[in-house]
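Worksheet for the structure shown next.
Values in this text are rule-based calculations from the coordinates and carry no lab data. Predicted model only: the values in this text are computed from it and were never measured. Note that we place each Cβ from the backbone using ideal geometry, even for glycine, and neighbour counts take in every protein chain shown.
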Amino acid sequence: MRLPTMFRMLAALFCILLTGIAATYTAPATAADFVVEVVVTDPGDKQRASAYWLALNQVLERNVPVGTIDNTQRQEVLRDPARYVQSFRYRAYNALSDSPLLSTRQVREGDPADSVIIVTFPATLPANIQRQFQVQSVQEQVVPIGSGRILALVAIEQNNERFLIGGDTAKKFQSRMIQLGIANSLAFEFPLLDEEDLTIISPANVLFYDQLVLDTMVQKYQSAGRISGALLRIGEQSWQSDWQYSFADGKTGNLSLTTRSLDEALLTAVTEIASGGSTLGGSLLSGDINFERTGVEIRIENINSLDHHQQVLQLLRSIDNTVVAESLEPGVTVYRAANADIFNLQQQLARQPALVPLPELSRDTAIAYRLQ
């Protein structure tokens, strides 16, 4: 074999080796990152999701202060552990030193342990999770009378008590509804519920839809329209809500929901009204406690301003006019396309240079991108 030919073969072999090394490389964890090891029966993907769940659960227990998130929020975080994973790698299992480690259900039930998956979460994980469920305080500001916004007249009945939302009552509820409204180009305001308001309106006027009183409140606040919501707790994990809306452009409608939580009712009502009935296919929806939102969830990272959000929402609606925004959280904004086919949607979004796909965060009913 001639020398040049040998050099070419060695160079090709070296490139192949480099490619193999690059394919298995994961960024090393820093001292501040959270690293958890979990014993599995094989180094494939069969138990990876289970290992992610066990690892993330341990990080939450040890590093997220009690009271930072409630049980429902914790379940939401654990629903998709992969989105929080920074990197992972495998090593061989050592029966002597690795027996105290976390292990998947298959290992605990007697299947032979083969490998240990080393899962790394970023040091910013606790702060990111806390920020994910943080209410935006800037949205609690009082809206001036005559602003042309939509007046939200909402009453709640639970535990044999009735009350109106507004003024200093249920600020978190107000912030959430205002946030959802901004995300879907609906500008909501709540009544001040001062002495003058309370001579006009009571919880019963909203719960039983007293149209004359509701119209009087709209005139008082010089609003461009109104949305009324009557919410009734009917079980430990179920709410009945009835919504009526009337806007200055002549758009009117009603919506009836039975949902598992108050927030689910709020989210569904606002996004359904914003979509003009296209999300659920009509102005009236009757559900049950198993009601779940359908469609493709689109998670987009790096949206850090309202202008960016409006640009992305316009882009998504140019592809599918059923798209609504479900949250405006720092760092990650969630949209939903109610009737889209996930494959076709991915094909359309692949043509958008501003969106970089994040396949490791995607799943059967959700896709993820980063805005650049």
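Quick check on the stretch 296-371: take the gyration tensor over C-alpha atoms, sort the square-rooted eigenvalues as a ≥ b ≥ c, and tell me if it's rounded (a/c under 1.5), prolate or oblate.
Judged from the Cα gyration tensor, the stretch 296-371 comes out rounded (a/c under 1.5).
By the scheme Lys and Arg +1, Asp and Glu -1, what is the net charge of all other residues having a beta-carbon under 11 Å from that of Ala204?
That sum, taken over residues with Cβ under 11 Å, equals -1.
Sticking with the crude label model, points 7 Å out along Cα→Cβ, report the distance from Glu76 to Gln314 in nm, one decimal please.
For Glu76 paired with Gln314, the spin-label model returns 2.9 nm.
Where Lys and Arg each count +1 and Asp and Glu each count -1, what net charge lies around Asn254 among other residues with Cβ under 11 Å from its Cβ?
Local net charge: -2.
Could you tell me whether the stretch 159-241 comes out rounded, prolate or oblate from its Cα gyration tensor? Rule is a ≥ b ≥ c as square roots of the eigenvalues, rounded for a/c under 1.5, then prolate if a/b exceeds b/c, otherwise oblate.
It is oblate, given that a/c is not under 1.5 and a/b is not larger than b/c.
Got a sec? Charge dipole of the stretch 139-274, +1 on Cβ for Lys and Arg, -1 for Asp and Glu; which of Gln158, Met177, Asn205 is way out at the positive end?
My answer, from the dipole projection, is Met177.
In whole angstrom, and with the biggest value first, how far do the Cα coordinates of the stretch 48-132 range along each principal axis?
Projected onto the principal axes, the Cα atoms of the stretch 48-132 cover 39, 23, 20 Å.
How large is the charge dipole for the stretch 139-274, taken about the Cα centre, if only the Cβ atoms of Lys, Arg (+1) and Asp, Glu (-1) carry charge, to the nearest 20 debye?
I would put it at about 300 debye.
Work from the charge dipole of the stretch 296-371 (Cβ charges, +1 for Lys and Arg, -1 for Asp and Glu, about the Cα centre) and give the residue of Leu355, Ile303, Thr322 farthest towards its positive end.
Checking the options against the dipole of the stretch 296-371, the answer is Leu355.
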